[in-house]
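In what follows, a structure is listed as structure tokens, so that the remarks can point back to it.
The values are calculated or read from the model by the stated rules, or taken from the named source; none is laboratory data. It should be emphasised that the depicted structure is a prediction, and the values quoted were computed from it without experimental measurement. Ideal geometry is used to build each Cβ from the backbone, glycine not excepted, and the neighbour counts take in all protein chains shown. Protein only, heavy atoms only, side chains kept; ligands, DNA and RNA dropped before computing areas. Shrake-Rupley method; radii C 1.70, N 1.55, O 1.52, S 1.80 Å.
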Amino acid sequence: MTGLTIAAARTSDQVDADLASALAAIVGADNVLTEFEARRAYAHDRLPFANFRERAGKLAGVVPRLVVRPGSAAEVQAVVKLARAGRVELIPFGNGSGVLGGTIPLHREVMVDLRRLDRIVALNPHDAMVTVEAGMNGAVFEQALNAEGFTTGHFPQSIEISTVGGWAACRGGGQASSRYGKIEDMVIGLKAVLPDGTPLEIRPVARRSVGPSVRDLLVGGEGAFGIITELTLRLWRLPEAERGVVVALPSLEAAWEAARRIMQAELRPTVVRIYDARESADRTEGLDQFKTKPILAILVFSGSEPMLGAEQRAALDIIASVGGEVAPDGPFHHWKENRYVAYSQKWQAAGYYNDTVEVTGNWSAIPGMYAAMSAAVHAIYPQIHFGAHWSHVYPEGACQYMTIRLPPMDEAEALPLHAKLWEALQSLALEQGGSIAHHHGVGLFRNPWIKAELGAGHAVLQAIKDALDPDNLMNPGKLGLRPATGAVDVRHG
Ligand SMILES: Cc1cc2nc3c(=O)[nH]c(=O)nc-3n(C[C@H](O)[C@H](O)[C@H](O)COP(=O)(O)OP(=O)(O)OC[C@H]3O[C@@H](n4cnc5c(N)ncnc54)[C@H](O)[C@@H]3O)c2cc1C
């Protein structure tokens with residue numbers, strides 16, 4: 001039953017005392033949360049729709065039955081075995097920074113909060129690898145590596161509010177993806193607990209040719225195929241130097257063309273960010289270059305000096321050939337200082353309906369995709385705030401990251417508009433041959449489109465899920481997979 005008010009959930013709440021004491025026998029009583037308010041904090045992640053609901057005193061899903069906080073892989077395994085024996089549904093929880101509802105309980109799930117698994121297990125500079133427990137905070141992890149002179153190169157905007165396990169489970173991407181790759185390029189090995197309690201180890205080895213990648217059931221598995229307890233990631237030395245360059249370009253077409261040619265020339269800038277006219281204008285006020293060349297791009301180059309300089313020169317030659325010119329570096333410093341700020345919170349708190357949607361398109365599709373999406377959202381609500389940037393680029397194409405914002409209005413008017421906006425953006429991504437998701441994952445909010453995205457591949461995923469988790473206990477109803485019987489349907493409340 002969706003649309004339940006928080007007050008009604010509180011009144012009808014009952015704690016499962018037997019289950020709580022069985023879990024306490026594994027993790028200690030302090031690590032089983034039974035109080036209503038403590039559990040309610042886990043009823044949402046950063047899914048904007050859940051936020052809109054809570055603003056109106058309602059839940060998107062339900063309040064979890066209990067929260068358990070294991071402190072070791074052995075405890076995770078014992079919790080999973082207990083849950084399997086008692087047919088208890090579980091949701092692995094990193095830090096709840098997901099924006100698609102991946103950790104929202106929909107039935108009677110117990111949350112498995114992994115944040116006590118927070119240690120670096122081994123640093124192996126010789127083989128360029130680091131092994132870390134899955135619940136370690138991303139920023140704490142990166143700072144610890146920096147102190148030793150290393151980095152993983154994974155810098156999601158949410159680094160301060162997410163865990164390493166969450167990065168892998170959502171198949172995420174960081175701001176430096178054009179140099180260091182996305183999380184799937186970084187995970188060399190992992191340890192996990194499968195839905196029946198079996199421990200799984202993908203040994204960290206440079207490469208293997210031994211059938212399909214079992215690792216990728218977990219990397220991108222969003223907690224539906226098991227709980228990741230440990231990861232081994234690729235390690236890099238901190239770059240000797242880093243240089244940010246701000247560029248003014250005459251048009252979006254010129255900017256896309258430059259990014260395409262830079263990537264196809266095998267250059268590896270650390271960061272490439274192209275902003276549409278709306279987002280450029282917000283960041284370039286008072287800068288003369290942008291009066292005639294209104295499109296902003298920020299590039300960052302890093303590494304050892306001779307390589308960095310050569311890469312920068314080659315990239316700037318390409319930019320000059322499409323009519324771009326170097327501009328003052330204020331927008332680079334502004335981006336750098338604010339790169340981990342979560343802007344959505346500010347808009348939600350002021351009553352706006354702010355959301356972001358990231359999709360992937362190939363270079364040949366990007367111009368049509370952007371034009372069609374911009375036209376579609378304006379047709380749905382002419383006064384909408386719509387802005388886009390392209391912040392992950394590849395030889396083949398790019399991620400188009402869009403912000404959509406409706407002004408404060410009644411929830412009954414806003415939610416149908418919000419649903420139409422999502423429908424338009426996701427359907428157009430598919431129509432243009434792109435992907436519905438670049439790095440935020442699927443959670444529950446992308447359930448309506450995942451079958452169209454994956455085709456027969458989705459039935460393959462469901463068959464694997466059924467084989468590994470016949471009682472459908474591990475994060476049911478996410479990734480468009482079969483929900484638990486009687487579960488809440490979040491989109492139709
Ligand atoms: C302001 C903001 C900016 C963001 N920027 C980025 C960005 O730049 N790049 C990016 O990739 N994402 C971004 N995100 C999305 C989000 O932060 C990422 O998806 C992040 O990886 C989620 O990590 P988490 O630890 O918070 O996971 P959670 O939100 O707790 O969980 C997400 C999903 O992963 C599963 N899960 C979590 N931990 C495990 C585990 N150990 N084993 C198995 N399953 C697990 C959960 O069950 C759930 O399905 C952003 C979010 C916000 C709010």
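Of note:
- Tilt relative to the chain, helix 366-380 - C-alpha long axis, 0 to 90 degrees, to 10: 60
- Accessible heavy-atom area order of 399, 170, highest first, probe of 1.4 Å: 170, 399
- When the surface is traced with a 1.4 Å probe over the full set of protein chains, residue 391 keeps roughly 10 Å² accessible.
- Net charge of Cβ neighbours under 15 Å - reference residue 465; Lys, Arg +1; Asp, Glu -1: -3
- Taking each DSSP H run with n ≥ 4 as -39500 (n - 2.57) and averaging over every residue of the chain yields -10500 deg cm²/dmol at 222 nm.
- Residues in the range 305-312 carry Karplus couplings, in order, of 3, x, 5, 4, x, 5, 5, 5 Hz; the curve used is 6.51 cos²θ - 1.76 cosθ + 1.60 with θ = phi - 60°, and Gly or Pro positions show x.
- Listed by chain and number, the lysines whose C-alpha is less than 22 Å from the C-alpha of residue 58, apart from same-chain residues fewer than 8 away, are 346, 420, 478.
- Cα long-axis angle, helix 73-86 against the chain (0 to 90 degrees, to the nearest 10): 50
- Exposure ranking of 469, 196 by accessible area [1.4 Å probe, largest first]: 196, 469
- In this structure the amide hydrogen of residue 397, modeled in the peptide plane, comes within under 5 Å of the amide hydrogens of 363, none closer than 5 places in sequence on its chain.
- Spacing of the two label points (7 Å from each Cα toward its C-beta) at residue 146 and residue 485, in nm: 5.2
- Surrounding net charge for residue 244, when Lys and Arg each add one and Asp and Glu each subtract one, Cβ distance under 12 Å: +1
- Loop-located GluC sites (Glu not before Pro) in the range 379-448 (DSSP state other than H, G, I, E, B) with a sparse environment of at most 14 neighbouring Cβ atoms within 10 Å: 396.
- Using the Cβ of residue 348 as centre and a radius below 12 Å, the other residues enclosed give a net charge of +3, where K and R count +1 and D and E count -1.
- Residue-wise HN-Hα coupling along the range 31-48, computed from phi with Karplus coefficients 6.51, -1.76, 1.60 (Hz; x: Gly, Pro): 9, 10, 8, 10, 4, 4, 5, 5, 6, 4, 4, 9, 7, 9, 10, 9, 4, x
- Phi-derived couplings, Karplus 6.51 cos²θ - 1.76 cosθ + 1.60 at θ = phi - 60°, listed residue by residue for the range 197-211: x, 6, x, 10, 10, 9, 5, x, 9, 3, 6, 9, 10, 9, x Hz, with x used for Gly and Pro.
- 5 angstrom amide H check on residue 129, placed H, neighbours 5+ away: 124, 235
- Anisotropy class of the range 241-337 from Cα gyration tensor, a/c 1.5 cut: oblate
- Residues 208, 491, sorted by accessible area with the largest first, give 208, 491 [1.4 Å probe; ligands and nucleic acids excluded].
- Taking amide H positions as modeled 1.01 Å from N, with prolines and chain starts lacking one, the residues under 5 Å from residue 327 and 5 or more places away or on another chain are 246, 247, 248.
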